[in-house]
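Below is one structure, written out as structure tokens; the observations come after it.
The values are calculated or read from the model by the stated rules, or taken from the named source; none is laboratory data. A quick note: this is a predicted structure, and the numbers were derived from the prediction, not measured. Neighbour counts run over all protein chains shown; Cβ positions are idealised from the backbone, glycine included. For the accessible areas, the whole protein counts, side chains as well, though only heavy atoms, and no ligand, DNA or RNA atoms are used. Shrake-Rupley method; radii C 1.70, N 1.55, O 1.52, S 1.80 Å.
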Amino acid sequence: MADWSIEEAERVYGVSQWGGGYFQIGENGNVHATPVPDDPSIRIDFKSVIEEIRQEGVQFPVVVRFHDILRSQVASLNKTFRSTIEEAQYTGQYQGVYPVKVNQMREVVEEIVDAGTPFNYGLEAGSKAELLTVLAMNTNEDSLTILNGYKDDEFMRLALLGRKLGRKVVVVVEKYSELLLLVKTAKELNIDPIIGVRAKMTVKGRGKWESSGGERAKFGLTITEIIKTARYLEEQGMADCLKLLHFHIGSQLTDIRAVKEAMTEGARIYADLHKMGFPLDYVDVGGGLGIDYDGSNSTNESSRNYSMQEYVADVVYGMKEMCDLEGVPHPNLVSESGRAITAHHSCVVTEIVGEIKSNSASIDTSEKEGEHFFLKNMRELADTFESQTNMHEVYNDASQYKEQALDAFKLRVITLEELAKIETLYWEIMARLQVWYRQEEYVPEELQELDYSLSSQYLCNFSVFQSAADTWAIDQLLPVVPLTRLNEKPSVNCSLVDITCDSDGKIDQFTIGREITDVLPMHPLRKDESYYVGLFLTGAYQDVMGDMHNLFGRLNEVHIFSYDDDPEDFYIEEVVKGSSVEDVLNIMQYNPRAMASDVKRFIDRKVSSGVINPREGVRWTDFYEDCLSGYTYLKP
Ligand SMILES: *Cc1c(COP(=O)(O)O)cnc(C)c1O
């Protein structure tokens with residue numbers, strides 16, 4: 001084991017690169033969580049978490065949520081803004097909001113609201129259902145409730161209800177007609193609204209969400225419309241209701257330059273509105289604070305080239321410099337960071353339930369009388385492998401023999417058994433070539449694929465579509481790490497496949513060091529020992545975007561709180577049951593009760609005709625019903 005160490009494991013899996021200070025590989029070879037950075041003595045070993053989950057009788061796959069990480073991220077964002085504001089002698093304050101669309105789970109929102117109370121941290125909603133949620137959840141009258149997205153009459157009334165309740169509810173106008181609707185409704189109900197305008201920015205974010213900015217963005221008012229809005233409100237005697245300027249140029253901004261450019265543009269708009277006689281109280285810089293999913297700290301699409309600290313500094317100093325140049329007061333700053341708050345707090349833990357070895361099946365290839373010379377040729381190539389000098393030629397010859405053999409089989413020239421022997425020999429040669437080329441500096445291009453075609457696939461008890469939607473939909477990288485045995489050299493290169501019957505249900509993009517690879521080193525599976533992997537940073541968007549593909553549905557969840565007095569440093573506060581088969585069938589309009597009674601009737605009929613004996617009939621009926629009420633995932 002001299003060629004393996006925890007440092008080497010760290011290099012391969014990059015845990016401390018993407019872990020944001022919350023995850024490390026421990027000396028015992030297990031992944032550890034340190035959910036409270038202020039108290040590094042709290043260290044939670046995933047092995048104990050797995051044991052606890054099993055003791056609770058919860059089936060895998062499981063979403064594990066660390067509530068302390070949510071709290072730490074809320075505190076960290078707010079404290080970073082506060083200290084930067086102080087250091088910059090900025091005269092406005094920070095009043096952030098959490099956009100609930102990033103993760104609307106009640107427990108998540110409750111935890112964020114609670115952790116944010118000392119900072120007057122608020123909530124943002126972008127739809128009617130979300131608005132109904134934030135009205136009930138954000139009861140702090142000193143924090144903001146910001147409403148984005150398209151709005152109808154009911155939406156406006158709900159917002160104004162919020163005003164009646166004494167809340168700072170800001171309606172952000174996304175298009176001009178919404179303004180007319182809002183003013184009309186507010187006058188009718190005689191309630192003063194707080195109005196924001198969303199600017200359509202010319203600067204675009206970089207990365208996958210760049211179309212949230214630019215002239216073709218689907219949200220926001222042009223400069224002309226913003227001026228028209230201000231003038232209209234003035235005419236209506238409501239100029240002082242206009243309080244906030246909003247912009248959002250996209251999520252997961254990969255390049256800090258986009259943030260700087262947006263700040264310059266946004267600050268100019270704010271300053272000129274002020275000089276035109278519209279002194280706004282708030283500038284809301286939207287979301288976009290990125291997460292380093294691949295640990296490269298670069299402008300890769302799954303990364304970002306800046307830290308939270310640098311982002312905050314660019315927002316605060318960018319605004320300050322422009323305001324000072326223009327001689328206008330510093331506005332209060334709002335940001336709507338969602339991904340940065342929630343991404344780290346949850347992960348999916350599941351087990352590998354099998355290995356799909358590629359081309360490893362072999363049959364006896366010994367010589368037989370009268371066999372076809374294609375087979376002879378291939379065997380000769382295999383037998384003389386050691387004495388070959390031109391390995392590239394060996395590869396070409398073997399590939400050619402195999403292709404010819406396949407044609408010959410279709411033309412009824414060779415038999416099925418001969419073809420199988422040729423394939424067995426072919427893959428034997430490929431495996432030896434792979435070993436040979438590992439020592440070479442130069443590997444010809446067509447041979448670079450060998451590692452992938454000879455790698456295994458580990459069958460993982462989960463659904464990509466439910467639990468890692470972004471890896472499938474937008475090719476996002478997600479860190480995947482074995483949770484134990486990291487002090488052992490991972491000797492099997494493999495990709496992951498899920499249990500859906502969809503060939504897209506796989507993960508075959510990883511980063512190792514700084515390189516993107518299609519296989520990940522994992523450990524050989526052992527008999528009678530479960531092998532668990534974690535998919536990390538799943539707390540933003542993917543957590544709630546999962547779909548019903550193959551009717552797998554939602555995962556069981558455990559909510560973990562750290563607790564210093566406990567020997568394991570944590571306890572499971574809550575278990576939220578995932579979908580049962582019944583649940584997902586109901587959603588698809590089936591009636592599971594009726595299905596059960598139909599199946600019972602079919603069984604009873606077979607019992608009456610003597611095909612099934614009565615006792616067995618009862619067992620089959622019970623079994624069908626148990627499966628209906630059971631978990632949708634595999635029971636290994
Ligand atoms: C999605 C969204 C956000 C959240 O963005 P993150 O990049 O997750 O922080 C914030 N504001 C608006 C208007 C959004 O649409």
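Output the residues belonging to region 488-523 that are of a type in the set (Asp, Glu) and buried (at least 20 other Cβ atoms within 10 Å of the Cβ).
Asp498
Could you please give the count of residues in region 236-271 that are in a helix (DSSP H, G or I), more than 16 Å from the ligand (Cβ to nearest atom) and either touching a residue at least 40 places away in the same chain (Cβ under 8 Å) or among the polar types (S, T, N, Q) (or both)?
Of the residues in that region, 11 qualify.
Please go through region 272-288 and give me each residue that is closer than 13 Å to Ala199 by Cα and either among the polar types (S, T, N, Q) or part of a loop (DSSP other than H, G, I, E, B) (or both), ordered by number. Break it down stepwise before answering.
Here is the first cut: in region 272-288, the residues closer than 13 Å to Ala199 by Cα are 273, 283-286.
Answer for region 272-288, where residues must be closer than 13 Å to Ala199 by Cα and either among the polar types (S, T, N, Q) or part of a loop (DSSP other than H, G, I, E, B) (or both): Val285, Gly286.
Per-residue answers, yes or no, for (1) in contact with a Pro (Cβ under 6 Å, 6 or more places away or on another chain); (2) at pLDDT below 95; (3) in a strand (DSSP E or B):
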site	(1), (2), (3)
Arg198	no, no, yes
Met201	no, yes, no
Gly205	no, yes, no
Gly214	no, yes, no
Phe219	no, yes, no
Lys228	no, no, no
Glu234	no, no, no
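Given (1) open to solvent by less than 10 Å² (accessible area, probe 1.4 Å); (2) modelled with pLDDT under 95; (3) of a type in the set (S, T, N, Q), identify the lone condition not met by Thr384.
If we test Thr384 against (1) open to solvent by less than 10 Å² (accessible area, probe 1.4 Å); (2) modelled with pLDDT under 95; (3) of a type in the set (S, T, N, Q), just (1) comes out false.
Could you count how many residues in region 17-39 are assigned to a loop (DSSP other than H, G, I, E, B) and open to solvent by 60 Å² or more (accessible area, probe 1.4 Å)? Let's see the steps before the verdict.
Filtering region 17-39 for residues assigned to a loop (DSSP other than H, G, I, E, B) gives 19-22, 26-30, 34-39.
Right, trim to open to solvent by 60 Å² or more (accessible area, probe 1.4 Å) and you get 27-28, 37-38.
Residues meeting the conditions: 4.
Strands (runs of 3 or more DSSP E) wholly in region 81-168 with at least 1 residues that are at pLDDT 95 or above and more than 25 Å from the chain's Cα centre (by Cα) - which ones? Step through it out loud before you land on a result.
Working: elements: 97-99, 122-125, 144-147.
Of the strands (runs of 3 or more DSSP E) lying wholly inside region 81-168, those with at least 1 residues that are at pLDDT 95 or above and more than 25 Å from the chain's Cα centre (by Cα) span 144-147.
Of Val599, Val581, which residue is surrounded by 12 or more Cβ atoms within 10 Å (Cβ to Cβ) and more than 37 Å from the chain's Cα centre (by Cα)?
None of the others qualify; the one that does is Val599.
Which of the helices (runs of 4 or more DSSP H) contained wholly in region 300-385 include at least 1 residues that are more than 16 Å from the ligand (Cβ to nearest atom) and assigned by TED's automatic domain parsing to the domain that holds Ile429?
373-383
Tally the residues that are within 16 Å of the ligand (Cβ to nearest atom) and either open to solvent by less than 10 Å² (accessible area, probe 1.4 Å) or of a type in the set (D, E, K, R) (or both), restricting the search to region 102-120.
Final tally of qualifying residues: 6.
What pairs come up if the first residue lies in region 80-105 and is on the phi > 0 side of the Ramachandran plot and in the same structural domain as Gly318 (by TED's automatic domain parsing), the second is modelled with pLDDT under 95 and buried (at least 19 other Cβ atoms within 10 Å of the Cβ), and their beta carbons are under 6 Å apart, counting only those six or more places apart or on different chains?
none
Would you confirm whether or not region 348-365 contains a residue that is open to solvent by 80 Å² or more (accessible area, probe 1.4 Å), within 42 Å of the chain's Cα centre (by Cα) and within 30 Å of Arg485 (Cα to Cα)?
Yes, region 348-365 has at least one match.
All but one of (1) within 20 Å of Asp281 (Cα to Cα); (2) without any contact (Cβ under 8 Å) to a residue 40 or more places away in the chain; (3) open to solvent by 10 Å² or more (accessible area, probe 1.4 Å) hold for Arg198; state the number of the condition that does not hold.
(2)
Would you mind finding the one in Ile42, Ile53 that is more than 16 Å from the ligand (Cβ to nearest atom), in a loop (DSSP other than H, G, I, E, B) and among the hydrophobic types (A, V, I, L, M, F, W, C)?
Ile42
For region 156-181, which positions are out of contact with any Ser or Thr (no Cβ under 8 Å at 6 or more places or on another chain) and either outside the structural domain of Asp192 (by TED's automatic domain parsing) or of a type in the set (Val, Ile, Thr) (or both)?
Passing the criteria: Val171, Val172.
Please work out which residue is farthest from the ligand (Cβ to nearest atom), limiting yourself to region 276-299 and to residues that are out of contact with any Pro (no Cβ under 7 Å at 6 or more places or on another chain) and of a type in the set (Val, Ile, Thr).
Thr299
Going residue by residue through region 51-58, is there one that turns out to be of a type in the set (S, T, N, Q) and open to solvent by 20 Å² or more (accessible area, probe 1.4 Å)?
Yes, region 51-58 contains a residue that is of a type in the set (S, T, N, Q) and open to solvent by 20 Å² or more (accessible area, probe 1.4 Å).
Here are Arg304, Arg257: which of them is open to solvent by 10 Å² or more (accessible area, probe 1.4 Å) and within 30 Å of Val481 (Cα to Cα)?
Testing whether each residue is open to solvent by 10 Å² or more (accessible area, probe 1.4 Å) and within 30 Å of Val481 (Cα to Cα) leaves just Arg304.
Can you say whether Arg65 is more than 15 Å from His523 (Cβ to Cβ) and at pLDDT 95 or above, as far as the supplied structure shows?
Values: more than 15 Å from His523 (Cβ to Cβ): yes; at pLDDT 95 or above: yes.
When the stated conditions are applied, Arg65 passes them.
Does Asp272 qualify as being of a type in the set (D, E, K, R) and open to solvent by less than 20 Å² (accessible area, probe 1.4 Å)? Explain how you work it out, then say what you get.
On the way: of a type in the set (D, E, K, R): yes; open to solvent by less than 20 Å² (accessible area, probe 1.4 Å): no.
No.
Would region 559-567 turn up any residue that is closer than 22 Å to Gln466 by Cα and open to solvent by less than 40 Å² (accessible area, probe 1.4 Å)?
Yes: region 559-567 contains one or more residues that are closer than 22 Å to Gln466 by Cα and open to solvent by less than 40 Å² (accessible area, probe 1.4 Å).
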